[in-house]
2 protein chains.
Amino acid sequence: MNMNDAPQPTWQLSQRARKLTSSAIREILKVTERPEIISFAGGLPSPETFPIAAMRAATDRVFANDPVAALQYAPTEGYMPLREWIAARHSSGGVTIRATQVLVTTGSQQALDLIGKVLIDPDSRVLVETPTYLGALQSFSMYEPAYASVPSDDQGLIPASLTASLTDGARLLYTQPNFQNPTARRLPLERRQALAEIARQGRFPVIEDDPYGALDYRGEPLPTLLSLAPEHIVYFGSFSKVLAPGLRVGYVIAPEELHFKLVQAKQATDLHTPILTQRIVYEAIKDGFLEQHVPTVRALYREQCAAMLAALTRAMPPGVTWNTPEGGMFVWLTLPAHIDSMALLSASVAQNVAFVPGEPFYANDPGKHTLRLCFSTVSPARINAGVDILARLIADWPR
Amino acid sequence: MNMNDAPQPTWQLSQRARKLTSSAIREILKVTERPEIISFAGGLPSPETFPIAAMRAATDRVFANDPVAALQYAPTEGYMPLREWIAARHSSGGVTIRATQVLVTTGSQQALDLIGKVLIDPDSRVLVETPTYLGALQSFSMYEPAYASVPSDDQGLIPASLTASLTDGARLLYTQPNFQNPTARRLPLERRQALAEIARQGRFPVIEDDPYGALDYRGEPLPTLLSLAPEHIVYFGSFSKVLAPGLRVGYVIAPEELHFKLVQAKQATDLHTPILTQRIVYEAIKDGFLEQHVPTVRALYREQCAAMLAALTRAMPPGVTWNTPEGGMFVWLTLPAHIDSMALLSASVAQNVAFVPGEPFYANDPGKHTLRLCFSTVSPARINAGVDILARLIADWPR
């Protein structure tokens, strides 16, 4: 049953629940469950990157070392050794992050929900990139904000566009500076410095969501906003892309005064993130495992991205444009103006190829001629086959 | 640092976040971390009840059978075999619960948050017992309702008091019919039938939160509200008290039209509950493990409860009253009118005994002379010692 066809309850729902409609992500994930589909839609990490043996060994150690603590209720803030590891991970040079700034969350999707809870009232202004992460829009929308889309180009958000009239009364600015979902673009250093300066002014928190930072193909990371303004940035990190997403372990680093509010909101939301999975993550990473593992993930995605770019160059007709990602799991396409990407999706799914249309990633402007291709779970041979089908549909699209 | 002393951010917080203050549960859990404390406060299951070997074996099977699926993103609704198990568990006689009514949650605390999200607007009326579960008040309060306390006695909520003027415009009624937290009282059959009839009228959903139902000392359960009105009750279940709370696996059974909204709200909240822990729970219980395990949990708590009741009878001065629980983890005390239980807590913690004052469990009326004693993690010898200290403080309390 399509959720839009669901019967409506006799009871009164909240305003926010009445606005909920079936999401594009959700409907698309259903399509991609069919094995014959070549799916550029999912946004799932490649299962080839899951360190199964290491996770299993870590789990064995958790059960061997302290099974009672791994099964009992635990502090809302998270497992202290993991919080300390995260703080150390983000401390270097002159930057010190304290474990007391770290809150472990049930995936970084929960960090979005908690930030919405503590910062957003109905109709309060929320600044987002153009386009921005669909999951952030879903989370924040539960708190009924008025979105203001910050002008952005192929390098990301344009700090100079953050004028007083755009930012007046803003409750937060949300950005993914590294290999953004959906565009894969990376914010250049000078823009990072400008955003860090805006964060230091303290008018509203700047949220740096960084799930893809480790997936930098050349291993040459740019400084995080957090490292540029450690007392002012709210940083979201995740183990979903470097270990495994099914564990749902993410985190928020925030100035203490916001951290306390987030902890209270989390207590009301799920008491704490499962302590078993937190301890498994800590056991898996505490002795430097990520230093050897992350390069293998990068190498896989670099190859798949190269295959995708080669296929696009070979097959796409004139008028289609795309970026050249320096990291991450996505390529962002712009179609000729006569093709609506939602209509293209219907046509391509009929030929067993799926992707995500750009539209749901825009808070305001619809972006009807854009689409996201995710290559992380698709082999080079299937990338070629899928791109061929898309290219033929686009070339033959009626004007 | 006490959270009430935390510096306030320069940014603007949401209305709900500004109302957040440090919770009694939270401050009390800090106290109980000190090993010298005899804690009747925590509300934690006894670690003696954790089936460590069974959990470990279940985890091994999960990693051996399908490790990739246990580590990848998973459907928001939950792991289908677990949903089916839950549906079958609640189907018997003429009652059929469908797996499509089941949503797996990150503990049943998350079920409270999701229900708040989809049903509560600011100032909308929410009906709760007197007293009611503190964690429910914390969750619902994020959505800023106006609570109406339903008159209740030592058998629980009084259905005849649900007059039109009390229930007019109510968005939900929240109840724990079995061994309620904090009072341990159990709702009698005829009141269950009356509540089920109110639920069938369909004016507002009746939420049956049932974490303690399995902890019935005599193994003679009363019918759940769900079984009396399966198409109308919203039922919360949990594995926290019968397996282990650190896994954070709970569930909501709801009519499909509400289920769809809860799923969408959950997607925005944490995408899904960790699939690893869901699969561990399923592997642990699928072959009937709970049938042998739950009776051992019941037997332990029955013994500890008997020790607590015997100690109270032996030591407490006249004017102190308490109930005789038929199940669960708590005893509920009423003090003489000259003793405020918050003041008693300060005095008793100074003598290394902790409990939870009744006050935070009341939505409206303060309940200053009541307190909750949890015996689940305390040995009979320490129960005796702790009750002696409390009894002496109460007997000597200045009038």
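The values are calculated or read from the model by the stated rules, or taken from the named source; none is laboratory data. For clarity, every value in this text was computed on a predicted model and none was experimentally measured. Here Cβ is always computed from backbone atoms with ideal geometry, including for glycine, and neighbour counts include all displayed protein chains.
Details
- The range A:313-360 - residue that is of a type in the set (D, E, K, R) and in a loop (DSSP other than H, G, I, E, B) and, of those, surrounded by the most Cβ atoms within 10 Å (Cβ to Cβ): A:Glu326
- Close pairs (6 angstrom Cβ cut-off, 6 or more residues apart or separate chains): assigned by TED's automatic domain parsing to the domain that holds B:Ala184 in the range B:349-370, not aliphatic (A, V, I, L, M) and not in a loop (DSSP other than H, G, I, E, B) anywhere: none
- Meets criteria (assigned to a strand (DSSP E or B) and not assigned by TED's automatic domain parsing to the domain that holds B:Leu390) for B:Val281: no
- B:Ala184 vs. criteria of a type outside the set (Asp, Glu), closer than 25 Å to B:Glu220 by Cβ and part of a loop (DSSP other than H, G, I, E, B): yes
- The residues on offer are A:Ala184, A:Ala170, A:Ala164, A:Ala160, and the sole one that is touching a Lys or Arg at 6+ places or on another chain (Cβ under 7 Å) and over 18 Å from A:Leu226 (Cβ atoms) is A:Ala170.
- Residues that are free of Cβ contacts under 8 Å to residues at least 24 places away in the same chain, within 11 Å of another protein chain (Cβ to nearest Cβ) and either part of a loop (DSSP other than H, G, I, E, B) or of a type in the set (Asp, Glu) (or both), drawn from the range B:32-54: B:Glu33
- The single condition among (1) farther than 30 Å from B:Cys374 by Cα; (2) at pLDDT 95 or above that B:Pro51 does not satisfy is (1).
- Members of the range A:55-82 found to be of a type in the set (A, V, I, L, M, F, W, C), facing chain B (nearest Cβ under 10 Å) and over 17 Å from B:Ile280 (Cα atoms), listed by number: A:Ala74
- Residue check, A:Ala254 surrounded by fewer than 23 Cβ atoms within 10 Å (Cβ to Cβ) and more than 8 Å from chain B (Cβ to nearest Cβ): no
- Selection over the range A:139-177 of residues that are among the small types (Gly, Ala, Ser) and without any contact (Cβ under 8 Å) to a residue 12 or more places away in the chain gives a count of 3.
- Residue in the range B:249-265 that is farther than 25 Å from B:Glu197 by Cβ and of a type in the set (Lys, Arg) present: no
- Identity of the residue in the range B:126-143, modelled with pLDDT of 95 or more and more than 10 Å from every other protein chain (Cβ to nearest Cβ), that ends up farthest from A:Asp270 (Cα to Cα): B:Thr130
- Number of the condition not met by A:Arg218 [criteria: (1) within 14 Å of chain B (Cβ to nearest Cβ); (2) over 19 Å from the mean Cα position of the chain (by Cα)]: (1)
- Among the residues of the range B:216-234, those that are under 17 Å from B:Pro159 (Cα atoms), in a helix (DSSP H, G or I) and touching a residue at least 40 places away in the same chain (Cβ under 8 Å) comprise B:Leu225, B:Leu226.
- Any hit, the range A:287-310, residues being in contact (Cβ under 8 Å) with a residue 12 or more places away in the chain, in contact with a strand residue (DSSP E or B) (Cβ under 6 Å, 6 or more places away or on another chain) and buried (at least 23 other Cβ atoms within 10 Å of the Cβ): yes
- Single residue of B:Leu271, B:Leu243, B:Leu247, B:Leu276 found to be farther than 28 Å from A:Leu44 by Cα and either at the interface with chain A (Cβ under 9 Å from one of its Cβ atoms) or without any contact (Cβ under 8 Å) to a residue 60 or more places away in the chain (or both): B:Leu243
- Given (1) modelled with pLDDT of 95 or more; (2) under 17 Å from B:Ile37 (Cβ atoms), index of the condition B:Thr377 fails: (1)
- Residue in the range A:160-170 that is within 25 Å of A:Val356 (Cα to Cα) and either of a type in the set (Phe, Trp, Tyr) or within 12 Å of chain B (Cβ to nearest Cβ) (or both) present: no
- Yes/no for A:Arg382 being surrounded by fewer than 23 Cβ atoms within 10 Å (Cβ to Cβ) and assigned to a helix (DSSP H, G or I): yes
- For the range A:257-268, the tally of residues that are within 9 Å of chain B (Cβ to nearest Cβ) and among the charged types (D, E, K, R) stands at 2.
- Search result, residues across the range B:369-379 that are assigned to a loop (DSSP other than H, G, I, E, B) and crowded, with 18+ Cβ neighbours inside 10 Å: B:His369, B:Phe375, B:Ser376, B:Thr377, B:Val378
- B:Ala64 at pLDDT 95 or above and surrounded by 20 or more Cβ atoms within 10 Å (Cβ to Cβ): no
- The listed residues are B:Phe204, B:Phe140, B:Phe179, and the only one of them that is assigned by TED's automatic domain parsing to the domain that holds B:Lys241, in contact with a Phe, Trp or Tyr (Cβ under 6 Å, 6 or more places away or on another chain), within 28 Å of B:Ser376 (Cα to Cα) and among the aromatic types (Phe, Trp, Tyr) turns out to be B:Phe179.
- One residue from B:Asp113, B:Asp154, B:Asp121 being crowded, with 24+ Cβ neighbours inside 10 Å and either out of contact with any helix residue (DSSP H, G or I) (no Cβ under 9 Å at 6 or more places or on another chain) or within 14 Å of chain A (Cβ to nearest Cβ) (or both): B:Asp113
- Neighbours by Cβ (under 7 Å, 6+ apart or cross-chain): first from the range A:377-399, in contact (Cβ under 8 Å) with a residue 60 or more places away in the chain; second among the aromatic types (Phe, Trp, Tyr) and surrounded by 20 or more Cβ atoms within 10 Å (Cβ to Cβ): A:Val378/A:Phe40; A:Ile383/A:Phe375; A:Gly386/A:Phe40
- Residue satisfying all of: in the range B:196-208; away from every other protein chain (no Cβ under 14 Å) and surrounded by 17 or more Cβ atoms within 10 Å (Cβ to Cβ); nearest to B:His293 (Cα to Cα) among these: B:Glu208
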